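*Asks:* Please find one structure pasted underneath; my questions will follow.
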Amino acid sequence: EYDKLGLPKPDLVIYLDVPTDYTERLLRHREQDTNTKADIHETDTAYLADCRQAAIQAAETYGWKRIPCLNEAGELRPIEEIHQEIWQAAEPLLKKEN
């Protein structure tokens, strides 16, 4: 895309990693809370798992910053903690611009 279309290459790509089983639980809760139904992609657990694996592989191949959103106990990390990790990755690049 960068060479063929002339798109600018990003300085940083951040991948917020959430395991598929946890994502599925969040989706089911959202369905219950909002009285809605999941779309065709959200109901296909194998597809979701494949998408996650593709994203992990892309992160490794292209040097994306992978930030796990669950802690060691398998619980969602606090938003502020995830935010701080994102900021730590982005801040040095923002300082370069000045």
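The values are calculated or read from the model by the stated rules, or taken from the named source; none is laboratory data. A quick note: this is a predicted structure, and the numbers were derived from the prediction, not measured. Cβ placement follows ideal geometry from the backbone for every residue including glycine, while neighbour counts extend to all protein chains displayed. Side chains included, ligands, DNA and RNA excluded: accessible areas come from the protein's heavy atoms. Shrake-Rupley method; radii C 1.70, N 1.55, O 1.52, S 1.80 Å.
*Asks:* In region 9-24, which residue that is free of Cβ contacts under 8 Å to residues at least 12 places away in the same chain and surrounded by 10 or more Cβ atoms within 10 Å (Cβ to Cβ) is farthest from the chain's Cα centre (by Cα)?
*Replies:* PRO10
*Asks:* So, of the residues in region 64-94 that are within 19 Å of LYS9 (Cβ to Cβ) and open to solvent by 60 Å² or more (accessible area, probe 1.4 Å), which turns out to be nearest to the chain's Cα centre (by Cα)?
*Replies:* ARG66
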